[in-house]
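The values are calculated or read from the model by the stated rules, or taken from the named source; none is laboratory data. On a predicted model such as this, the values are computed, not experimentally measured, just so you know. All Cβ positions, even for glycine, are placed from backbone atoms using ideal geometry, and neighbour counts span all protein chains on display.
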Amino acid sequence: MARIKTVDPAEATGKAKELLDVVKSKMGMVPNMMRTMANSPAVLNGYLGFSSALGASSLGGKLGELIALTVANENGCNYCNSAHSFVAGKMGIKDEDVVGARNANSTDPKINAALIFSKEILDNRGAVSQVALANVRAAGYEDQQIVEILAQVSLSIFTNYVNILADTDIDFPKLAPIEKN
């Protein structure tokens, strides 16, 4: 059971209602994560704005989903693992690529470099080594994409922590819980 209440879109008022209506019009539903964030319209608005901005990044939506899966699994966020696995499938990402991303790897060398770099960002709290930076650059990522990878990791950390703190009820097809060592 969730530890933070969710806002019922039918009962929401003001800015929370406005934002939840936008989510419903775009997604056809309002995920529990966004219902939780709606406790603070400023938080939900910030999340939606950051997410929308990254949707237009040069990384593309598919790599963004794969990075989100790497981060969710590193952080042990079962909600985000389920949600991003579902979204990745809807985007046409193959099951084996979803499983690979959960483990920060890909058979595609360029994507693999981005996922390894994402894990490096997490493991080192942003203080990645010169070697890690050189490796991601050698894979073909320029400064624009490097800061976009960082931004995707940062957004994913935020959503992971919201869902871990709230113990958000998963409203996507549930996957087995993430086992952390």
Only one of (1) without any contact (Cβ under 8 Å) to a residue 40 or more places away in the chain; (2) part of a loop (DSSP other than H, G, I, E, B); (3) within 28 Å of V99 (Cα to Cα); (4) not acidic (D, E) fails for K26. Which number is that?
-> (2)
Which of the residues that make up segment 133-165 are among the charged types (D, E, K, R) and assigned to a helix (DSSP H, G or I)?
-> R137, D143, E148
Read through the list (1) within 18 Å of S57 (Cα to Cα); (2) surrounded by fewer than 19 Cβ atoms within 10 Å (Cβ to Cβ), then give the number of the only condition that L165 fails.
-> (1)
For L69, indicate whether it is within 13 Å of S156 (Cα to Cα) and in a helix (DSSP H, G or I).
-> yes
Among residues of segment 79-113, those that are surrounded by fewer than 17 Cβ atoms within 10 Å (Cβ to Cβ) and of a type in the set (S, T, Y), counted = 1
Qualifying positions in segment 1-43 - basic (K, R) and either at pLDDT 95 or above or within 16 Å of the chain's Cα centre (by Cα) (or both) = R3, K5, K15, K17, K24, R35
Residue within segment 122-132 that is surrounded by 17 or more Cβ atoms within 10 Å (Cβ to Cβ) and in a loop (DSSP other than H, G, I, E, B) present = yes
Looking at (1) modelled with pLDDT under 95; (2) within 27 Å of V30 (Cβ to Cβ), which is the only condition G46 fails?
-> (1)
